[in-house]
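Read through the structure below, which is laid out as structure tokens, and then see the notes.
Read-outs: derived from the displayed coordinates by stated rules, not from any lab. Note that the structure is predicted; figures quoted are calculated from it, not measured. Heads up, the Cβs are rebuilt from the backbone with ideal geometry, glycines too, and the neighbour counts pull from every protein chain shown.
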Amino acid sequence: MSTPEQRAFTGWAFVILRLPLAMRARIVLFTMLLLLCHPQLWSQAVTKQFPPAVPAGSNSAQSTPDAQAPGTPDAPESAQNSAGSIPVLHVVAPHPTGVPVKIEADTQSYVKTPAANLYTLQGHVVIHYRDYVIQADRATYNQATSDVVAEGHVHLDGGPDDAHFLASHGTMNLDAHSGNFYDVAGTLEGQRLQRHTKILNSSSPFAITARELIETGPQQYQVIDGTVTSCELPHPDWQLAAKEFFLANEKATGKNTLFDLDGLPVLHKVPVFYLPYVTHAVNGEQRQSGFLIPIFGSDTTKGLILGEEVYWVLGRSADLLLGSEYYSNRGFAPLGQFRYKGRGLDFATVKFHSLLDRLPVAENQGGADILIDLRHDFSPETRAVADIEYLSSYAYRQAFEENYAIAINSEVKSQLFLAHAHDGLAEGLTFNRYQSFESNATSAKGVEEITIFHLPTAQFDGLDQHVPGTPLMWGVTASGAVLSRSEPGFSTSTAVPRLDVYPHLALPLHFDGWTLRPVVGVRDTFYAKSQNPAPLGQVPSERDASLNRKDFEAGVDLRPPALEREFTAPWLEHLLGGELRHAIEPDIHYRYVNGIDNFSSVLRFDDLDVASDTNEVEYSLTQRLFVRHTAQHPCKGDDALGPSDMCGGETVDWLSWQVAQKYFFEPDFDGAITPRTRNVLDTTLDLSGVAFLTSPRRYSPVISRLHWRTSSDTDLEWDVDYDTKTGRLDSSNLFAGYHRGDYTFTVGDAHLHTVATPAETLPQAPTPTNTAPANTTTQETDFNQIRLSAIYGSPAKLGLSTGVSAGYDFTLVQWQYYGLQASYNWNCCGLSFELRHYSLGTVRDDTEKLYSFTLAGVGAAGSLKRAERVITGLMPY
């Protein structure tokens, strides 16, 4: 016989507690009128249920249309009896905290006592409490204290830690976020579990197994006789096992820990390391201080490699990495990195690596390479930027730099500038250092290198602006610099002042599709020092006499209307996927400079110093093919960020081809050309990078710039300089790339034809016993190198990935570089092997065998670093 305080009922039931009561407008109005006339002015909750009548003793668990739907605001304090024939209407006191609760179970019972309001639930129990979801076979829920006792296939999802646990049984207090769980497997900040889930996975999981898990509060756990890992359960590739772990402040700490490899078939349940003390981040993106995985490896040049690094978190916006590697054949190699990320675009990065080579001085290849990059915005108009590099030894770079493109680069550039721009005006202050190593040898006079300093340069630029009341536009550029230059056999003073100002006027005209822009200006450049001209094959010298260079400049830029034609043939649309437009854009530019009669007396620091008299015209023709895709297709690239997944109607610059040439009315540039050697003038720099002026000439080489981009997967660029005077290619640079799915192919060929200077062709300097004149004949040199790469794989690909990269020199008939890499990624770890060969003259000719073992959420161990791999970013972690 049931009492009013205890009534049991069968069937599928929903019990929902939610306060305050959500009512429609008319119910709110009615309730307000009722409260004004009612002596009891505290809130109440009224529930009304009309379950269907079922036969006595029936255990039907079926929901009916009249049953209270999930999400309704009230829940019964009592329910009808098992006969189900008498509807129950009962007033339920609101939950003191107003927490929404929903309970589902096959059978439910409710007991109210002075100490507890207890629900007893049996069969397919689901409890929704705030953002918690608890599932179990059996459970009790205390409404007054939010205590839950669950047994049998317990699942817990949610909470402040976004926890997802499986357990055999457990107790918990949902308001205090505390509890005890037994036989636990689960994740923090992972994916929500489904009923009867047996595999826990997440894109960046922190997984736990434990005999007992004690939760003492938000982000406060104690793992007893358990493991932690960043792999998917139930078969993680690796895990840390210990008698006890403590989870707090988003990291796990443990003592006397074993690092096990469990998921690899050949290393099943193998304890690899014993760690007296270990920490592991709960959040995969969280940074934490500590020692990194030791570095092990070997190399034919370095010998046995042992290394260790320490990482410090310096607050929310900065971190520091310091460490060192030991090469058994060469000595210690310290390295480090500092990173800072400020507001907006502010950042700072400092990197260095070095070698304390213990070989004798004659064979020593030690050195250091330091890089500093930073930016700080004082305001939207003012910013400071630095890109600084210091390299102590070119031999060190060639011998120990793992990136081939950097290893062969003999230039080191540094600059620091402060810039302010407003209303079309810009002011700036720049410190610049340029260093070019002539060789890796060190002579008695020091390192053979060219060094140029701009310390500093003050720059002012006024963009073209209209003169009030006229169609004229004015503009000006001005600079003041303190310069110096040194190279083998020549050196300037420590500080050579230079002032330059260039005001000009322009008159843009537009008529019937034609654009005409004449411009006139004067330039005045003052040098506090100058140089004594020297005969061919000899180095000039500095003199104390100042120099003032003045010139008059004029030019006209003429652009006729572009010629266009549409092609809409059906076969063309079928081939290209859209309509085709062909455009031809001619351009003619005339330039005149007069007044520079002291070209040979000007010291050389940058392109401002190679200005010369000229009377020239440049003509070019650019052809473009535009494709407008008319058919609907899946969006790619930036279009994929739009509101639709399908695109159509957009236009792409499918192909562009520019052909240009210059004609010189003054072939010797008013005496600025020195025959039988390379001459670099500002008029040639803006056309081509090839120094083609070895004698007076009327025509420049014809340049061709072809760029073809058929899709986001295909790219082709071919730049050619053809000299009509000599009938040969001065340069040809070809690049082609293709990417589709996991396959990537690239090929690049660089061909350059140069003329050697007399200084480079001198067989022997004249001596008292050798009075033969210097060889001043012109010699020609060809460079032809090809770069190839083929890659199968992607950063997120599981299984096998492989790649090859190589560089071949046709002139020297040898492989300069090649690398072969194979990688295999498991669930949360990966293994890579690479064979790499360098052939860089007498400095480096070796073969390296490298490897790397990567663990998700932990790091990588081995001699193969991520940034130096053939397959860049191949490993998913």
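What the table below lists for this structure:
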{"item": "Paramagnetic reach from residue 301 in region 338-364 [backbone N under 19 Å; point 7 Å along Cα→Cβ]", "result": "352-364"}
{"item": "Environment charge of residue 291, counting only residues whose C-beta is closer than 11 Å and scoring Lys/Arg +1, Asp/Glu -1", "result": "-2"}
{"item": "Difference of contour (0.36 nm per residue) and Cα-Cα distance, residue 220 to residue 813", "result": "207.0 nm"}
{"item": "Those residues of region 508-549 whose amide nitrogen sits under 20 Å from the label point placed on residue 587, 7 Å along Cα→Cβ", "result": "508-520"}
{"item": "FRET efficiency, residue 574 to residue 144 (Cβ-Cβ, R0 51 Å, nearest 0.05)", "result": "0.10"}
{"item": "Interchain or long-range residues, amide H under 5 Å from residue 611's placed H", "result": "682"}
{"item": "Karplus-derived 3J(HN,Hα), 6.51/-1.76/1.60, for each residue of region 167-176, Hz, glycine and proline x", "result": "8, 7, 6, x, 10, 7, 10, 6, 6, 8"}
{"item": "Derived scalar couplings ³J(HN,Hα) [region 451-459; Karplus, 6.51 cos²θ - 1.76 cosθ + 1.60; whole Hz; x for Gly, Pro]", "result": "10, 10, 10, 10, 10, x, 10, 9, 10"}
{"item": "FRET efficiency, 1/(1 + (r/R0)^6) with R0 22 Å, evaluated for residue 370 and residue 423 via beta carbons", "result": "0.05"}
{"item": "Relative contact order (%) - criterion: Cα under 8 Å, at least six apart; region: region 414-563", "result": "15"}
{"item": "Residue 715-residue 544 pseudo-label distance in nm [points 7 Å out on the Cα-to-Cβ vector]", "result": "5.6"}
{"item": "Computed over region 208-249: relative contact order in percent, which uses C-alpha pairs under 8 Å that are six or more apart", "result": "39"}
{"item": "Whole-number percent relative contact order across region 369-459, with pairs defined as alpha carbons under 8 Å at least 6 apart", "result": "22"}
{"item": "Gain upon complete extension [residue 476, residue 746; 0.36 nm per residue less C-alpha separation]", "result": "92.8 nm"}
{"item": "Segment residue 630-residue 695, length gained on full extension (0.36 nm per residue, minus Cα span)", "result": "18.0 nm"}
{"item": "Placed amide H near residue 725: partners under 5 Å, 5+ positions off or other chain", "result": "none"}
{"item": "Computed FRET value (nearest 0.05) for residue 321 with residue 726, which takes r as the C-beta separation and R₀ as 51 Å", "result": "0.45"}
{"item": "Placed amide H near residue 308: partners under 5 Å, 5+ positions off or other chain", "result": "295, 324"}
{"item": "In Hz, Karplus ³J(HN,Hα) per residue of region 469-476 (6.51, -1.76, 1.60; θ = phi - 60°; x = Gly, Pro)", "result": "x, 9, x, 6, 10, 10, x, 7"}
